[in-house]
Amino acid sequence: MNTPPKIWLSSPHMGGEELSYIHEAFDENWIAPLGPNVTNFEIELQNTLYTNKEVVALSSGTAAIHLALIMLGVGRDDIVLCQSMTFSASANPIIYQGAKPVFIDSEEDTWNLCPIALEEGIKHCIQLGKKPKAIIAVHLYGMPYKHNEIKALSEQYDIPVVEDAAEALGSKYKDAHCGTLGDIGILSFNGNKIITTSGGGALICNTKALKDEAVFLATQAKDDAPHYEHSRLGFNYRLSNISAGIGRGQLKVLDQRVRQKKEIYNYYADALIDLPGIKFLAPQADTFNNHWLSTIIVDPKASNGVTREDIRLALNQENIESRPLWKPMHLQPFYKDALYFGGDVAAQLFENGLCLPSDTKMSSSDLQRVVTVIKELFK
């Protein structure tokens, strides 16, 4: 029996102009973590985000979060409040700094940081005499978090927000692009994101002085001297000119990719709406979701016993990649001793949630294959 063609969850999708920027870099010998592509990629990202904020192109979204924490003064034994329902890259840089993560539950509307649990965590830490140094809030699967509520708490308690928009390029909260809402924003251009630089990310900050600080730290913190002089700890976090060239080509098709992601979501929503126990992450008022991944919740009590894992395994049997939602950080073995505030929203999302194939290279027949497999389970 022949194995059916692979359908990927979300793989790189080139637009066609990336090679022209790469060839230009080779022709001009800009094979380094600086050069015209890096400079122009930052400018073009700034224009894409319709912002006056400064953009710093980096080697990964993780690097961007790490630098953000450094720039906010997070150090050993400081407390950073972090959304639990996220990828580990949101939380790990807290440990890099020797700081302590305190994880916060999700709310049911957006699956993001719960304002009620967040304030509970803030008050608890302040009572212990350890006011948190930062809040890491994530736009999960491209869905903007409740920015107004989180910002209000940030301002009330004077705690800056690191806005993790790794999954949310192209998403908006009201009229503002995700990545521009927090005190410092970050983006990711990993291979599975809506656009990619192969591996890469960006930091978004408020002033040229902060950008200069980020670039300084990202290029090994080399002091202004004719020799190699270092008075601070630096990192090798700058994006290469080659990777930035890929990013410049990818930015040209960002709007197209967002439209394709929305079409994929709409296809699934229309095709699966009548299946009992299936619920989608619904659009929210005053927000625009890039639908990086189309996600569902499966309620076994309403689905005649069909579970998220039944669907995942059935898809896998047909060579179709899907994935459970992120396992919350407070349930991860590495973070088992960390403080956590909230209920079981994040835990239930992980237990019952599934990311459906959202690859923009899928054909209509590929989408039909996915839907057919799911529907067969409900017969």
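The values are calculated or read from the model by the stated rules, or taken from the named source; none is laboratory data. Computed from a predicted structure; not experimentally measured. As a convention, Cβ positions derive from the backbone with ideal geometry for all residues, glycine included, and neighbour counts pool all protein chains shown.
Taking the conditions (1) within 28 Å of LEU113 (Cα to Cα); (2) loosely packed, with under 13 Cβ neighbours inside 10 Å; (3) over 23 Å from the mean Cα position of the chain (by Cα) in turn, GLU376 satisfies each one other than (1). Name the single residue that is surrounded by the fewest Cβ atoms within 10 Å (Cβ to Cβ) among those in segment 332-346 being part of a helix (DSSP H, G or I) and not small (Gly, Ala, Ser). For segment 332-346, the residue satisfying everything is PRO333.
When the criteria are applied in full, ILE297 meets the requirement of being farther than 30 Å from HIS124 by Cα, touching a Gly at 6+ places or on another chain (Cβ under 9 Å) and crowded, with 16+ Cβ neighbours inside 10 Å.
Results for (1) surrounded by fewer than 23 Cβ atoms within 10 Å (Cβ to Cβ); (2) in the same structural domain as ILE204 (by TED's automatic domain parsing); (3) at pLDDT 95 or above; (4) out of contact with any helix residue (DSSP H, G or I) (no Cβ under 7 Å at 6 or more places or on another chain), shown as yes or no for each residue.
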residue	(1), (2), (3), (4)
GLN97	yes, yes, yes, no
TRP111	no, yes, yes, no
LYS130	yes, yes, yes, yes
HIS139	no, yes, yes, yes
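THR360 meets the conditions (1) among the polar types (S, T, N, Q); (2) surrounded by fewer than 16 Cβ atoms within 10 Å (Cβ to Cβ); (3) within 26 Å of GLY191 (Cβ to Cβ) in every case but one. The failed one is (2).
Summed over segment 142-170, residues that are of a type in the set (Gly, Ala, Ser), over 17 Å from VAL55 (Cα atoms) and either more than 12 Å from the chain's Cα centre (by Cα) or part of a loop (DSSP other than H, G, I, E, B) (or both) total 2. Only one of the listed residues (ASP164, ASP175) is within 19 Å of ASN47 (Cβ to Cβ) and of a type outside the set (Lys, Arg). That residue is ASP175.
The single condition from (1) free of Cβ contacts under 8 Å to residues at least 40 places away in the same chain; (2) part of a helix (DSSP H, G or I) that ALA285 fails is (2).
Condition check ((1) over 21 Å from the mean Cα position of the chain (by Cα); (2) within 24 Å of ALA25 (Cα to Cα)) across all residues:
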| site | (1), (2) |
| --- | --- |
| GLY199 | no, yes |
| ASN206 | no, no |
| GLU213 | yes, no |
| ALA218 | no, yes |
| ALA221 | yes, no |
| HIS230 | yes, no |
| ASN241 | yes, yes |
| ALA244 | no, yes |
| LEU251 | no, yes |
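Scan segment 44-67 and tell me whether some residue there is of a type in the set (A, V, I, L, M, F, W, C), at pLDDT 95 or above, surrounded by fewer than 19 Cβ atoms within 10 Å (Cβ to Cβ) and in the same structural domain as LEU217 (by TED's automatic domain parsing). No, that holds for no residue.
Only one of the listed residues (ILE126, ILE135, ILE122) is free of Cβ contacts under 8 Å to residues at least 60 places away in the same chain, exposed (fewer than 15 other Cβ atoms within 10 Å of the Cβ) and of a type in the set (Val, Ile, Thr). That residue is ILE126. All of (1) buried (at least 16 other Cβ atoms within 10 Å of the Cβ); (2) touching a residue at least 60 places away in the same chain (Cβ under 8 Å); (3) touching a strand residue (DSSP E or B) at 6+ places or on another chain (Cβ under 9 Å); (4) of a type outside the set (D, E, K, R) hold for ILE194 with one exception: (3). All of GLY277, GLY305, GLY342 fail the test of being closer than 21 Å to HIS139 by Cβ and of a type in the set (Gly, Ala, Ser), apart from GLY342.
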